[in-house]
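Notes for the one structure printed next.
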């Protein structure tokens, strides 16, 4: 059994506990495929399989079958557990629900970008929608936030987002993560260092513009050469946000990856603490891997490294108190 992750918890950076998680194959390295939940447990996606580990690193559940039929996973992109059910988005435009045992419940079709659950168990999903054409005749497109009601996707009239807007500036434009609270929802796009806050009836409350250290701005337009190598080179040439968390009442945590040829992945990961006024309250933390999020007094990330003795890369889960 291939050992994918060793659980390490340290404080500045004293080693405290070491746990190991066995997975047969390498998980695809994509931040959305790993999720830390409010109880400290972690869900991960590997090919067409969902893994769920408790806070101590013990495997709670494993399920999944490759395919495109209801209950099967073709190329799953994100998974979340709200305490009662698992919700999995897939690249075949499906959002599927499985119960706590991993048994299939139902499926909703529509282009899903992200799924997340609040500490109270409410489930939200972002949908990529084509909006009506603007004055120049170009189709506007943006992500729309929707709250699941009775495990059903919102219809066009109850969509939790700017489905009727045509101004690209108010669309989420690749919303990778959001924070849902009792009164407000905070959203960050993929390519813009701005946190938007909306009320639960989607009225704009405010926004926070901040400076992201080591940020590389995206280029305009795809390359003329439309080969896979050229397109991948284009997408890997600029920074992208992959996560947003409410760290406390006065700070957000943002996670992004920026090009860096000196790392094993070609990207450097950065975590920044952003105050309500947009200033960084602590120096940015840089590492080689993917950030999972805060839990209790610690923040956790998966560190990536190559191992000559292993066929697959090794990921080490680390946690530290950020004071």
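The values are calculated or read from the model by the stated rules, or taken from the named source; none is laboratory data. Not measured: the values here are computed from a predicted model. Here Cβ is always computed from backbone atoms with ideal geometry, including for glycine, and neighbour counts include all displayed protein chains.
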ask   = Which of the residues that make up region 49-70 are in a loop (DSSP other than H, G, I, E, B), in contact with a strand residue (DSSP E or B) (Cβ under 7 Å, 6 or more places away or on another chain) and crowded, with 16+ Cβ neighbours inside 10 Å?
value = 57, 64
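Residue under question is residue 97, and the condition is that it be within 19 Å of residue 317 (Cα to Cα) and either in contact with a strand residue (DSSP E or B) (Cβ under 9 Å, 6 or more places away or on another chain) or in a strand (DSSP E or B) (or both); does it hold?
On the way: within 19 Å of residue 317 (Cα to Cα): no; either in contact with a strand residue (DSSP E or B) (Cβ under 9 Å, 6 or more places away or on another chain) or in a strand (DSSP E or B) (or both): yes.
Taking the combined requirement at face value, the residue does not satisfy it.
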ask   = Restricting attention to region 256-266, does a residue exist that is at pLDDT 90 or above, buried (at least 16 other Cβ atoms within 10 Å of the Cβ), more than 20 Å from residue 218 (Cα to Cα) and under 18 Å from the mean Cα position of the chain (by Cα)?
value = no
query = Can you pull out the residues in region 287-315 that are surrounded by fewer than 17 Cβ atoms within 10 Å (Cβ to Cβ), modelled with pLDDT under 80 and part of a strand (DSSP E or B)?
reply = 305
query = Pick from region 71-86 the residues that are in contact (Cβ under 8 Å) with a residue 40 or more places away in the chain and over 24 Å from residue 296 (Cα atoms): which of them is surrounded by the fewest Cβ atoms within 10 Å (Cβ to Cβ)?
reply = 77
